[in-house]
Each structure stands twice: as C-alpha cells, then as structure tokens.
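Taking it in order: structure first as structure tokens, then the write-up.
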There are 2 protein chains.
Amino acid sequence: MSSPSSTPPDRATLPAAIPSGANLAALRDHNAATVLTLVRAATATAAVTATAADRATQATGGTSGRAGVSRVELARQSGLTAQAISKIVQRLLDDGLLAEAGRGASTGGKPRTLLTLVPDARWAVGVQLGRDALTVLRADLTGRVVADRQVAIDLAAWGPGRVLDLLAEQVSWLLGAVPPERVLGVGIASPGPLDQRAGVLHQVTGAPSWDGLALRDEVAGRLGLPTLIEKDSTAGVLSGLGSPDRAFVHLDRGLGAGLVLGGAVQRGARTNAGEFGHQTIDPDGPRCRCGNSGCVEALWAAARSPREAAGVLGEAIANLVRLLDLDEIVLGGREVLAAPDLYLAEVRRVLAARLPDPTWQPVTVSVAPSGPNAVALGAAGLVLARLFG
Amino acid sequence: MSSPSSTPPDRATLPAAIPSGANLAALRDHNAATVLTLVRAATATAAVTATAADRATQATGGTSGRAGVSRVELARQSGLTAQAISKIVQRLLDDGLLAEAGRGASTGGKPRTLLTLVPDARWAVGVQLGRDALTVLRADLTGRVVADRQVAIDLAAWGPGRVLDLLAEQVSWLLGAVPPERVLGVGIASPGPLDQRAGVLHQVTGAPSWDGLALRDEVAGRLGLPTLIEKDSTAGVLSGLGSPDRAFVHLDRGLGAGLVLGGAVQRGARTNAGEFGHQTIDPDGPRCRCGNSGCVEALWAAARSPREAAGVLGEAIANLVRLLDLDEIVLGGREVLAAPDLYLAEVRRVLAARLPDPTWQPVTVSVAPSGPNAVALGAAGLVLARLFG
DNA sequence: GCCACTTAATCCACGCTGTTGTTTAACTGG
DNA sequence: CCAGTTAAACAACAGCGTGGATTAAGTGGC
C-alpha cells in the first residue's frame, strides 16, 4: 500500500537505459502516480485560472473552475475506466494522499465529488549545497515551502565533514516532529560535475576535499532518509510545474541549464547535461576559464553593460530554444535575481527577434517564482517525483 | 495477441505530456517490447563483439558469445521472474517473432536455450521524401534493408498528388506479396518544419503546394497501412541502435540534428526540435538565409575549404555534446557522405580539443553505416519502435 | 410534490497479468 | 551409474483493470 514502492533495478551495473520489465505492483504504482499528477495539475491550474474560471468550465469537459477534480474527469484524462479510478482513488484516500473536497455543479445528475491533494500528507526536503551558502527547506506535496533557512558556509575551506554535519543538523531542525514515514526523502543540489546515478561528486572547482565524495550515501547515512543528489541547474528545472519541454537557465557563479524534454528530466550519458555556459557563441570572443574562447559565460562576463550581458544570455537561449523546440524558459540564479526585469525584457526581446515566427513558436519566459529558493525547491521536487512518477 | 496493440490516447486534445494510465494489455505489451528489445540487443552485440566473444562470456553473466539470449538472461536483465519470461517468450514464439536457435554451453546443468529474433516476421517500410528524390525501402526486424529504390522527383514542381501516387506505387512494389498483417507500417521522413503528432506538413521552403498537407493521413489512406511522419534529421537518429544519449547530425541541403535523449526520441514542444543549422555560433558571421547572422549553416557555407567546413561542424557538435552530455554522434547526409573521412577526422579533432577531459567524456563519432539510406531507414525504425517500445 | 431522466460512483464477477512453489528436463562430474 | 546442478515448464494464486448491473444523488417537466 502507501506510496509508489516498486524498487527500480539497479542502473549502475548495466550500460544505461536498460529496457526494464514491469509487474502488477509497478502497474499499480504507475497508475497511482498518474492519478496524483492529474489531481495536482488540476489544483495548480485551478489556482492559476481562478479569474478565467468561467471559460474553463466551457472547455472540452476539462478542469472545472473549482479546486479539485472528479473521478469522471480523472477517468477521461487518464484513459482508465471509471471503476479503475474508483479503486485507485480509494487507495489514495486510505493513504491520506487525497481528500474529498466538496462537490461540483450538477450537470443534470448526481454532482461530481471533487478530489484534492492533501498537501501535508508527505514532505520533501530540499537542500542547495552552494559554495558559500547552504539552503535547506521543507516542501509539501503541492511544492509549497513551509520552512526554509540559509546559513553561510565555506565549501572549500570547511571540507565535507563539517558541512555535512551542519546539513544534517539543519534538516533535523526542518523536520521537527514530522514522523519519518511521512518524509519522502531529501534532495541535494550541488554544483557539478557529478555522477547523479552513483551519487558521487566529481572535482568541484576549487574544493579538492570534496572530490569523489559519495555525497548521496554520506547524507543518507546521517539522516536515515532516502536521498538523491542532482546538479544545481538541473534541480532548478523541477522547482515548479511547467511545460514538458522547458529549461531552467541558472545564472549564478556559472551558467547552467536544467532540461525537461518530452516530460522527463534530461541528464545525459554521464549525468552532466546542462553545461550551457560553455557553449561557444563567438570563436573570436574572450578567453574563458574553461580554456576555450567565446563561451557564453565569458561573453557575459565581458559585457560592457548589464543590458548587454542580459542580451548575451538571450542569444544563447535563442539557440537553446531552436535546437530543442522549447516553449518555456524559467530564469533563476543570483545574477538574474539581482536584475530580474532587465533579464526578462532582454531575453524576451532577443527571442522575439531571433525566432522565425513568434505566433507559431510562442515561448514563455519567466523568472522562477521561488526566487533564491528555486534550486533547493527543485531538489525537493526531485523527491516529490517519487510520488508523481 | 500478436504485436503490441494498446491504442495510445489522442494527444491532440490535451496540452502535451498527459500522464496516461496503463492497463493489463499495456503491461503485457510493455513487457513483450522489453523482451524483444533485449533479444535484439543481444543479437546486435553478438554480431559486433564476435571477435571479442571470449571476453563477453566472462562479463557479469551478460550476453554469451553466441547469437541469441536465453530465458534466464532475459529474466535477469528485465527484472522479471523466470516464469514471466517463460510465458512472454511463449507468446512471442507463437507470434513468430522469436525462435529458438540452439543451446548455450552448459554451466553444470541443463544448457540454456538460445532465442533469436525472426528477422522476417514483420516488415517496416521507410520513405524519405526529399526535394529531388524519393527513397523507399523495406527493412526487417533487425533493421536490415532487403529492398530499396530511389527515384528522382521534383517536390516543388510536381505537387502532392503526383508525388504521393508515385510513393504509393513504389511502396506497393516494395511489399510485393508480403501479407499486410506482416507489415508494421510506413514511416515517412520529410524536410521540416512539420507537426509530427498531427501528421501535417508546415511550409516547406519553396514548395507552397505542400503547405498544410495532411501527409500522414494522405498516405495512410492510399496504402491502408499504419503511417507515421517525421522530420528527416529526427528520423535519421533511428537508423540504427546506439547510446540512449546520442545525436544524428544530418548535413544535406540544410543542417539538422536528430536527438535521442534518455533513451527517447526528442521532438520538442511543436515537434520541431533539431534546428541545429541555425544555432548562432558567431554573431559577426555571414548572413544566413534564415535572416540571422552567423548560423552554423551560414558559416559552413562560407568556409574557404572543405576542411574548414568540417571544422565548423565540429565546433557546433562540441556545443551540442557539452550541452546534452552525449556519448555518441552519428554523421549523415550528402555533404558528409561526399567526404566521410574528412568529416570524421575533423569532428573528432575538434571534439578532442574542445571537450575538457576526453577520458571522462569519451564520445563515439561515426558515419551512418546505412549511408544514403540512413534517413529512410530511420523512418522505418520509427515503425519498428511500435514493436520494440 | 411526484416521477422519469440523467449522471456519479460503487458492487460483483471475471479475465488476464506476473508471482510463488513444485515438478520435469537435460547436462556435468565423481 | 547416480547425486548434484541448472533451465524451463506446470499448477495454483493474488491482484490488476474491465465489463455489466446496481445504488446514490441530483435535475426538470407536469
């Protein structure tokens, strides 16, 4: 019972994307995750389209204006039968993940019973391990942050032992009296490169004592909770819901991009996708600390004005959008947050200029609403994904 | 019975990646596809590692030196129980998709019965609709081309009617006396942009009569076979097996990239991913026909020597590899095939120079073994994917 | 105020999935 | 020759979603 629980085959031993068999338990978990995702989406859109609620009710039998979805709607959207939805919902109600929340308007018969997520049925902990700061937060099932804290650290000088002790201490504080079985796990975002699958850090620039550290297992050992690690920029893309083809562009000390393509997080062959800062966009450009010339990062740093810097980022994003046919870009990171309106305006301007047909290819550009918490929240989103598939 | 058959929910009505429920039929098909994929992989690697067969037997209980896999190995690799594999294999034997092919060496007990794909149990038709040529071919389950033909056309001048009649005629010739139930379908690769999901072409440069044509349904109507369409470069990436994170770089009239990331073909929000040719890699570069300046395509065209042109492509590929953390690049298209060794050497040289640590990030670069058939074969691969998941 | 009608959700029996436990098949080695 | 070992199938079973019938809870006409 309880939450999705099928143990994935260990992906370490085999080359990579091994086709993997599924049994009845996996089927059940998959469908439970499907239903949870649909309920979450419905409540999320209900919040957004609260004003345009009238139009929504009209649209193709879709989400009603109210918060929550009915079983009939879930059946239609999932492709499962009403009976199957009934059973699945019943299990989720028993687990406390869903709750009935009033009824919808009748359309001539028995009114639909609306279902919503129970936000505090489970918790996810998100951590951002930065070079100079440690951010920890606790998020509920809807991705709302209920507690967060940021403490100054010195990653390079302190070394793993001291930092991880502090981390464990902060997480304990976060969780307070929350029973462990209600905690889905801990997600840790760290500067790359790293091996996400093995949970091991590679050489962190300027912090040799962290080289090869088994970060995931170290933290899991200290906390006794399921733990995952992720590159910071990649984590960021999970800080909120959004398009199945989107990117989180993280402009902080470095420049990285988190990618969700075809609805799935993309990490690449060695889980180091997103090295966006070292795209060469001008072979005659300034030398970059990576050794090459004309990287986006180097061009950005060499810009003569904030506006020009933002424009450079826009050009790089235009390339990204064209290559991957994205329809949503979320901006984050300290440099962006220091001048959000400027970056928003410039990136939008460049995209409008560069992309062939804006009506055929609209791209939403926004600044991460979670602001400085985006990466840590994305790390929490990583563990939430255990439940939502 | 027979081949995987669950009807996918229509993705047209809903935003995009709708989480979709699965039932027992879907589960069965998924596992059948899993087994077929494992058998295919085993036979493919057996062919490749034929020389290094001795080492293979030693490795982690993996694929034995011979062609074929045993049920025990399938069970281990898929994570399913031996009994489940037994049943699934039995169904696939009944369908004629698998066959028993000898036995492996005994390891002290009953020897394993080896299973192989029956190559001609099903057929896939691949079509490349080019501006000046129509390529059609028939491929078996292993992706081997058993018949192919290329005829000159003039896409712009002839218009859809004449070309599609010719296409139907060629496909009929290809299939000869093959019973329709043994034909998985027809995949059609076309120059983009197009709407892969709807099966509709967008404005094909210089061929206005094709604008908005419902290519998929037109062809399906003429042939009475399941039909899919795909961008040419995207199709190309399916012309062979390979890494779960790879790209097919197609240098022909234009430059495009087909992407497989995380084991899945990536098409993007409007199924137009892969616009690789219009990545800006030099803002001061020559003007491109797309309206911008310094696109890869424009730089390539402006190169003063073939070697320089190949180098330009290499630079662009280096960006691609870094961004997506790819470990395999396949080159194709007429321009590459005109000087394969040059392109291979230059791309490898640039990658070696540009990528930080070649031992940590090895990238395989090759020219598509199917040569001029790569795109059409990839289109056939698209329909083979119906069987292999 | 009744009742036919409609729609939502559940109850019940069922078919089919992969799983568990047991048996048969087929080869090795002392 | 026979104990030991490994592969694969047989038999019984739990649990998944499905299909058909039933109950719950509204609307609307007269």
Candidates A:Val118, A:Val171, A:Val178 - the one that is without any contact (Cβ under 8 Å) to a residue 60 or more places away in the chain and under 30 Å from A:Ser70 (Cβ atoms): A:Val118
Among (1) more than 21 Å from B:Leu261 (Cα to Cα); (2) within 10 Å of another protein chain (Cβ to nearest Cβ), there is one condition B:Leu320 misses while meeting the rest; what is its number? (1)
Let me confirm something: among A:Leu241, A:Leu213, A:Leu255, A:Leu225, which residue is over 22 Å from the mean Cα position of the chain (by Cα) and open to solvent by 10 Å² or more (accessible area, probe 1.4 Å)? A:Leu213
Look at the stretch B:241-261 and say how many of its residues are farther than 21 Å from B:Asp195 by Cα and in contact with a Leu (Cβ under 8 Å, 6 or more places away or on another chain). 5
Can B:Glu328 be described as touching a residue at least 40 places away in the same chain (Cβ under 8 Å) and within 14 Å of chain A (Cβ to nearest Cβ)? yes
Tell me, yes or no, whether the stretch A:362-378 has at least one residue that is closer than 21 Å to B:Ala316 by Cβ, more than 10 Å from every other protein chain (Cβ to nearest Cβ) and open to solvent by 10 Å² or more (accessible area, probe 1.4 Å). no
Which one of these does A:Leu129 not meet: (1) within 30 Å of A:Ile153 (Cβ to Cβ); (2) free of Cβ contacts under 8 Å to residues at least 60 places away in the same chain? (2)
Neighbours by Cβ (under 9 Å, 6+ apart or cross-chain): first from the stretch B:80-100, without any contact (Cβ under 8 Å) to a residue 12 or more places away in the chain and near DNA strand D (Cβ under 8 Å from one of its atoms); second of a type outside the set (D, E, K, R) and in a helix (DSSP H, G or I): B:Ala82/B:Val72; B:Ala82/B:Leu74; B:Ala82/B:Ala75; B:Gln83/B:Ala75
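So which residues in the stretch B:139-176 are under 28 Å from B:Val204 (Cα atoms) and among the charged types (D, E, K, R)?
Let us first name the residues in the stretch B:139-176 that are under 28 Å from B:Val204 (Cα atoms), namely B:139, B:148-174.
Result: B:Asp148, B:Arg149, B:Asp154, B:Arg162, B:Asp165, B:Glu169.
Determine if the stretch B:332-351 includes at least one residue that is within 16 Å of the chain's Cα centre (by Cα) and either open to solvent by less than 20 Å² (accessible area, probe 1.4 Å) or in the same structural domain as B:Leu251 (by TED's automatic domain parsing) (or both).
Looking only at the stretch B:332-351, we keep the residues that are within 16 Å of the chain's Cα centre (by Cα), and these are B:332-333.
Next, from what is left, pick out any that are either open to solvent by less than 20 Å² (accessible area, probe 1.4 Å) or in the same structural domain as B:Leu251 (by TED's automatic domain parsing) (or both): B:332-333.
Checked against the condition, which is being within 16 Å of the chain's Cα centre (by Cα) and either open to solvent by less than 20 Å² (accessible area, probe 1.4 Å) or in the same structural domain as B:Leu251 (by TED's automatic domain parsing) (or both), the stretch B:332-351 yields at least one hit.
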What do you reckon, is A:Arg354 outside the structural domain of A:Gln196 (by TED's automatic domain parsing) and buried (at least 16 other Cβ atoms within 10 Å of the Cβ)? yes
First in the stretch A:274-303 and facing chain B (nearest Cβ under 7 Å) and open to solvent by 50 Å² or more (accessible area, probe 1.4 Å), second anywhere and assigned to a loop (DSSP other than H, G, I, E, B) and among the small types (Gly, Ala, Ser), Cβ under 6 Å, 6 or more apart: A:Pro283/A:Gly294
Restricting attention to the stretch B:66-112, which residues are surrounded by 21 or more Cβ atoms within 10 Å (Cβ to Cβ) and near DNA strand C (Cβ under 7 Å from one of its atoms)? B:Leu80, B:Ile88
Hey, could you check the stretch A:225-252 for residues that are of a type in the set (D, E, K, R) and touching a helix residue (DSSP H, G or I) at 6+ places or on another chain (Cβ under 8 Å) and say which is farthest from B:Ala269 (Cα to Cα)? A:Asp252
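The values are calculated or read from the model by the stated rules, or taken from the named source; none is laboratory data. What you see is a predicted model, and the numbers here were worked out from it, not measured in a lab. Glycine gets a Cβ as well: all are built from the backbone with ideal geometry, and neighbour counts include every protein chain shown. Calculation scope for accessible area: heavy atoms of the full protein, side chains included, ligands and nucleic acids excluded. Shrake-Rupley method; radii C 1.70, N 1.55, O 1.52, S 1.80 Å.
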